[in-house]
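The values are calculated or read from the model by the stated rules, or taken from the named source; none is laboratory data. Here the structure is a predicted model, which is why all the values come from computation and not from measurement. Cβ: placed from backbone, ideal geometry, glycine included. Neighbour counts: every protein chain shown. The area values use the complete protein model at the heavy-atom level, side chains included, leaving out ligands, DNA and RNA. Shrake-Rupley method; radii C 1.70, N 1.55, O 1.52, S 1.80 Å.
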Amino acid sequence: MGSFFEYLRQLNLVSMALRIVLAMLMGGLVGFERERKRRPAGFRTYMLVALGAALTMILSQYLNLMLNTQWAAIAEGSKTDVSRFGAQVINGVGFLGAGTIIVTGRQEVKGLTTAAGLWASACMGLAIGAGFYECMIVGFLLIELCMRVLPFVENWIMAKARNLNIYIEMDSIENLGNIVGRMKAEDITIYDVEIDKQQQAHMSQINALFNVRLSRKQQHTEILARLSMLDGIISIEEV
């Protein structure tokens, strides 16, 4: 098995083709979960990022080989760090990932997981491009764990949390007092209330984001259901 991996680490046609195909497949599988959820970066985006990272690392290895063999006389005395190609990939993906992060009109940040997945996919592509297959396998399994399994754990933890943010749309500012009064009656501590300051003048609807803490652990859906029964509430949800 060791000799097999050593062969695949060499710069030959079979090894390079395998690295590129693996990068495409692994990146695409990571991005597939984002694609199903209609995220900004999906199947093809992850595939291209991993593919580009793998190509960059193969190029780094190729240049290092050539500088020590056929181009040795030309490069004599010069200082060349071919590993900088990989570093530039990480910097470039950082800008790409930043483009997937948005703040919604409900003051909710979206796209952080997509950006982190892109960055991890690029790192995985670099490992594949370098022929570090053992690292690639472990990295891919852990990325898939984060993308597919841990969201269920995260949702379970968030559902039991005592701190939460509640986004409420009401038909007028007069209803704000009723909402605050009902929260106090439920023994809910209000840390902060953010009123939408960009509300259009011709619209009577008011949007507010409440940052609150529950006095005890209870189902968030039950709290939202009780608050939604108040007069003047157009919509309410946890963000």
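A compact table of results
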read-out	value
Any hit, region 193-211, residues being open to solvent by less than 30 Å² (accessible area, probe 1.4 Å), at pLDDT below 90, closer than 18 Å to residue 158 by Cβ and not in a helix (DSSP H, G or I)	yes
Any hit, region 158-179, residues being polar (S, T, N, Q), open to solvent by 30 Å² or more (accessible area, probe 1.4 Å) and under 24 Å from the mean Cα position of the chain (by Cα)	yes
Residue among 65, 22, 48, 55 that alone is out of contact with any helix residue (DSSP H, G or I) (no Cβ under 6 Å at 6 or more places or on another chain), closer than 22 Å to residue 145 by Cα and either modelled with pLDDT under 80 or assigned to a helix (DSSP H, G or I) (or both)	48
Which listed residue, of 150, 118, is surrounded by 18 or more Cβ atoms within 10 Å (Cβ to Cβ), in a helix (DSSP H, G or I) and within 19 Å of the chain's Cα centre (by Cα)	118
Answer residue from region 4-23, given it is within 15 Å of residue 50 (Cβ to Cβ) and open to solvent by less than 40 Å² (accessible area, probe 1.4 Å) and is farthest from the chain's Cα centre (by Cα) among those	19
